[in-house]
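Student: The structure that follows is given in the form of structure tokens.
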Amino acid sequence: MSVFDHKEFDNHEQVAFFSDKASGLKAIIAVHNTNLGPSLGGCRMWPYANSEEALNDVLRLSRGMTYKAAMAELKLGGGKSVILGDPRLHKTPEMMQAMGRFVEQVGGRYITAEDSGIAVSDIQLMAQNTQHVSGISAKYRYDGGEADGNPAPSTAYGVFVGLRASVEYALKTDLKGVRVAVQGLGHVGFRLAKHLHEHGAELIVTDIYPQGVEKAVEEFGATAVHPDEIFDLDVDVYAPCAMGASVNQDTIRRIKAKVIAGAANNQLAEESLGEVLRQKGVLYAPDYVINAGGVIDIYHQRILSTAQAMRSHIEGIADNLTEIYNRSSQQGLPTNVVSNKIAEERFKK
Ligand code: NAD
């Protein structure tokens, strides 16, 4: 398996492989770039088919964190870790403790947090062996509410302010009566739907599980549709808040919305679809810009700032998007390309 020649290598500063025979841990930590500060990014546990697949994932994700942190103007770099295995079958406390030792060995150049398959309790086990963790305690919430350490409320608020700024830019209107299709009513999507409802938007929602959908119908007067119907709707905004790659060669022909703005990571199946959206006149809010509320939250908890400072920082997502949209229209470039350029201006020395 080649690392330096890997198509996703992109000048990573460090890629460390770790194995612990006693607990069965096999993990990779990737540190993409630390120009702005120590790298921060979640630890994902996933039943990868092989180590090549795990390497591919960790390299792609850690690079994404560099761009997300730089765009959000955090004094953080980008990194990520992956554990090879099925969290439901293979995860043990000993394995999490071993992962803590691994994180410690990287010497503070990588700070870990939750991601798919890794819960707060797992990070607490890692924290027995390293101080380089985040996302296990929170002192405050952006809105003054009681903090429980979950960054999703901040992510949802950031997506909401970003979506509102995108609608103002593209449709020259506030959210009253604007039709928004929300895909995925999980931790972020449901909270986003609540903000949108409170600001007068009309909601069409979907999820593969009924609980969130039923609640949104009851509490927000939302209209429920089948998961596959969400792309064909006559709506103003499509808000992907489920999994990645929901904008792909198939759905891009079906989406009628004029704005795409949602929480999901890696929304475009291929980067080149950004240009297709631009040509179709669809305003795309780059995913790592609009969904940065959670990492902004974690950053403020780390620097022991205040709820008000965190809230203003999250609201800055709207300014970042407006800057991207202005440059995109001046330069005739897709928003995802412009966004990458701005992030690079901020983190490349
Ligand atoms: P979640 O797992 O709580 O919610 C995702 C929801 O999407 C679930 O309810 C799931 O049933 C639903 N879903 C899955 N596939 C679907 C499909 N095909 N059609 C409709 N619904 C489907 O996750 P979350 O924390 O709300 O995160 C949502 C997205 O936002 C993810 O892509 C995540 O990576 C991204 N994100 C989350 C945060 C955060 O703070 N939680 C931060 C940044 C980015």
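Student: Using the alpha-carbon atoms, what tilt in degrees (0 to 90, nearest 10) does helix 93-105 show relative to the longest principal axis of the chain?
Tutor: Approximately 80 degrees, to the nearest 10.
Student: List the aspartates and glutamates whose Cα sits under 14 Å from the Cα of LYS215, skipping any in the same chain fewer than 8 residues away.
Tutor: ASP207
Student: Here is a further query. Quickly rank 136-147, 154-165 as a protection proxy: mean count of other C-beta atoms within 10 Å, highest first.
Tutor: My ranking of the peptides, most packed first, is 154-165, 136-147.
Student: Starting from 0.36 nm per residue, how many nanometres of slack lie between GLU229 and ASP10 once their C-alpha separation is accounted for?
Tutor: Gain on stretching GLU229 to ASP10: 75.1 nm.
Student: Residues of the stretch 150-192 with amide nitrogen under 20 Å from the 7 Å Cα-to-Cβ point of SER121?
Tutor: 150-152, 187
Student: A follow-up question, please. How far is helix 152-171 tilted, in degrees, relative to the longest principal axis of the Cα atoms in the chain, given as a value from 0 to 90 rounded to the nearest 10?
Tutor: 40 degrees
Student: Using the C-alpha gyration tensor of the stretch 152-347, what are the square roots of 5 times its eigenvalues, in whole angstrom, with the largest one first?
Tutor: 24, 22, 15
Student: Which angle from 0 to 90°, rounded to the nearest 10, does the C-alpha axis of helix 335-347 make with the longest principal axis of the chain?
Tutor: Helix 335-347 and the main axis of the chain meet at about 40 degrees.
Student: Another question, then. Under 28 Å Cα-Cα from LYS139, which lysines qualify once same-chain neighbours fewer than 8 residues away are excluded?
Tutor: LYS68, LYS75, LYS80, LYS194
Student: Using alpha carbon centroids, what distance separates the stretch 22-88 and the stretch 92-108, in Å?
Tutor: Measuring centre to centre over Cα atoms gives 14 Å.
Student: Can you give me the accessible area per residue for the chain, using a 1.4 Å probe, in Å²?
Tutor: Accessible area per residue, the chain: 43 Å².
Student: Using the basic label-point model (7 angstrom from Cα toward the beta carbon), what is the LYS349 to LYS280 distance in nanometres?
Tutor: 4.2 nm
Student: Calculate one ³J(HN,Hα) per residue across the stretch 7-16 by plugging θ = phi - 60° into the Karplus curve 6.51 cos²θ - 1.76 cosθ + 1.60, and present them in order as whole Hz with x for glycine and proline.
Tutor: So the Karplus estimates, Gly and Pro as x, are 5, 9, 4, 6, 6, 4, 6, 7, 10, 10 Hz.
Student: How many percent of the alpha carbon pairs in the chain exceed a separation of 29 Å?
Tutor: Across the chain, Cα pairs with separations above 29 Å total 39 percent.
Student: Quick one: net charge around ARG179, please, counting Lys, Arg +1 and Asp, Glu -1 for every other residue with C-beta under 12 Å from its C-beta.
Tutor: So the environment of ARG179 carries a net charge of 0.
Student: Expressed as a whole percentage, what fraction of the accessible surface of the stretch 1-118 belongs to carbon and sulfur atoms when a 1.4 Å probe is rolled over the protein heavy atoms?
Tutor: Percent of accessible area from carbon and sulfur atoms in the stretch 1-118: 49.
Student: How many nm separate the modelled label positions at GLU53 and GLN211, each set 7 Å beyond the Cα in the direction of the Cβ?
Tutor: According to this spin-label approximation, the distance is 2.7 nm.
The values are calculated or read from the model by the stated rules, or taken from the named source; none is laboratory data. No experiment lies behind these values; they were computed from the predicted model shown. When we count neighbours, we look across all protein chains shown, and the Cβ atoms used for this are built from the backbone with ideal geometry, even at glycine. To get the accessible areas, we keep the full protein, side chains included, count just its heavy atoms, and leave off ligands, DNA and RNA. Shrake-Rupley method; radii C 1.70, N 1.55, O 1.52, S 1.80 Å.
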